[in-house]
Amino acid sequence: MASTASEAIGHMAPAKPEHRSLETLEHSLYGGVLYGVEGRPIELQARYFGADAPGDAWRIHITGMAKGAINEVTGRLSGAFAKYGIPPMHGEILINLAPAGLPKEGTSLDLAIAVIVLQAAGYAPVLRPELGKSYFLIGEVSLHGEIRRINGALPIALCAKPGTTLIVPRGNEKECCMVRGLPEHASTRILVAETVQDVLRFMQGKSKLADAMRENPKFEGVLRPGPDFANIKGQELAKRAILIAAAGGHNVLMVGPPGEGKSLLASAFPGILPPLTNSEKIELTRLYSAKGLLNEDGLVVSRRPFRAVHHTASKQSLIGGGKGLPEPGEITLAHRGVLFMDELAEFSRGTLESLRQPIEAGCITVSRVDASFDFPAQFTLVAAMNPCPCGYFGQYICRDCLGYTYDQKAGCGRCSSVNVKPRCECKPTAVHTYRKKISGPILDRIDLHLELRPLSVDEKFAKNGGTSSAELRKLVSATRDIQQQRFGASGIACNAAIPGGEVAKWCLFATAGFDRYKAAISEGTFSTRATDRMAKVARTIADLEKREVIEEHHVQEAVDFLSGSPLA
Ligand SMILES: [Zn+2]
Ligand SMILES: [Zn+2]
């Protein structure tokens, strides 16, 4: 272990710094902070203010809306410096974090603060301004001088000026190497440091830091694949609805009794969406890094997310929020993937209402006293609910054998007895209240409704489920390509996103198809929104068949999905 400051950090600085000559010096270094789900570059500016009497503790004053852990850095640095045998300097160091008006949290600036303090105190070499600008320091400093990994390293690294040299903690280096996946960062370097001493010796030109790209970083997916449709038995109607939903970007509501595989079907959904592009993988990894969900280095979001939220989840955990700076919620973690809300009717009305903006806009604005952020939230909503509070509305139970049926006249499915009674024991008002909760705003944004029924005995014992997820994904990707060509530069992402006023422009009907569409509108009690949804779903069904115009049977299937719902 080093015994003196000069041995510890090299011989650039005298053991007793000449403060008087330093008073006029200006020091600048660069680092970054996490701001929402993005990084923001910060210029650290430091100045030394001399004092006549020697001090017995480090006096460091930080300005520029530093909050929480940033203000505790002084204590940690004192410990780290003591380990290196660096005595507190006389006087005070003032550090400003610019832009000063941006609130800053976290420990990502620790390393940059440590280095600039040592520079201002005269213990570390002062870099020429152009050289100072070429480095970007990231990392938390421990009491023992080690540089520790942080959450949000990727978003912070992404905000560095392209072409700079990032000095990052061991444990964040692979994550930071992801910036090299973007063309503008092709010449950005990523160097790894383990201690403050490593960084100082590097700046003095006394030793090198490991180049993270030369270490051939390996990456691993953080999200596990969901079940394959080939392994899901029965539920053909639900599978068809999910295929259409994936192909056209539609939201789905499954209504059915408990235990009929609603969660299983939903969790298989992301597996048939088109694979993520490289820039989408970086975008999602950035979000998961900001939320602190990458517990190890080298983890990336390589597949579309599936986030299941429980009805007891708070509105804040769903859409984002938190104390101080807002944090992203589940809908942002489901970005470009699937958000599954089971027991939809059990969610509070306020929570359901809060989903309106993100479903419509693909993003959510979360405001707190300190800041207001727009978080991305472009997800497919897969919702599930029971038809009534008890779950068995519409079913009949056999008085003779306790078998059940959905068809009162046909009788019991097991013994054919017509001596059946309704299985649901809910009061009509209770059923009404239960369903009313999700009506209106949220229901209007779900294009596909379907009723899930219990599997038949044959289905239960069937050998396999049919088409694999990989095959379905090919079909979905091809259908998305058709939509992309059609919408071109219009900014519309998929059929589900066709704006209300443009349905007629994009949904071209064959004569018979249009007649069927008009008939459905006049027969049913559909709202304007519902008829728009019907046209969009029919558009997707036609696209799945590679047909330019919407035919009668496309409309019929779309109508069935809408009117087949017990909630329509
Ligand atoms: Zn019931
Ligand atoms: Zn029976």
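The values are calculated or read from the model by the stated rules, or taken from the named source; none is laboratory data. In this text, all values refer to a predicted model and were calculated from it rather than measured experimentally. Cβ atoms come from the backbone with ideal geometry, glycine included; neighbour counts cover every protein chain shown.
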task: Answer yes if at least one residue in segment 385-394 is in the same structural domain as Arg304 (by TED's automatic domain parsing), more than 16 Å from ligand 2 (Cβ to nearest atom) and in a strand (DSSP E or B), and no otherwise.
output: yes
query: If you scan segment 423-441, which residues turn out to be of a type outside the set (Lys, Arg) and touching a Lys or Arg at 6+ places or on another chain (Cβ under 7 Å)?
result: Pro441
- prompt: How many of the residues in segment 310-354 are among the aliphatic types (A, V, I, L, M) and either free of Cβ contacts under 8 Å to residues at least 40 places away in the same chain or not assigned by TED's automatic domain parsing to the domain that holds Gly249 (or both)?
  reply: 2
Residue check for Ile541: out of contact with any Asp or Glu (no Cβ under 7 Å at 6 or more places or on another chain) and either in contact (Cβ under 8 Å) with a residue 24 or more places away in the chain or outside the structural domain of Ala241 (by TED's automatic domain parsing) (or both): no
message: Could you go through segment 122-144 and let me know if any residue there is touching a helix residue (DSSP H, G or I) at 6+ places or on another chain (Cβ under 8 Å) and free of Cβ contacts under 8 Å to residues at least 24 places away in the same chain.
response: no
query: Residue check: is Cys415 out of contact with any Ser or Thr (no Cβ under 7 Å at 6 or more places or on another chain), crowded, with 19+ Cβ neighbours inside 10 Å, at pLDDT 85 or above and assigned to a loop (DSSP other than H, G, I, E, B)?
result: no
Complete set of residues in segment 397-423 that are near ligand 2 (Cβ under 6 Å from one of its atoms) and of a type in the set (Ser, Thr, Tyr): Ser417
All positions within segment 331-359 that are within 24 Å of Ala246 (Cβ to Cβ), crowded, with 19+ Cβ neighbours inside 10 Å and over 15 Å from the mean Cα position of the chain (by Cα): Met341, Asp342, Leu344, Phe347, Leu352, Leu355
query: Can you name the number of the only condition in (1) within 16 Å of ligand 1 (Cβ to nearest atom); (2) outside the structural domain of Leu265 (by TED's automatic domain parsing) that Leu452 fails?
result: (2)
statement: The residue that is nearest to ligand 2 (Cβ to nearest atom), considering only those in segment 424-444 that are in a loop (DSSP other than H, G, I, E, B) and under 27 Å from Val382 (Cα atoms), is Cys424
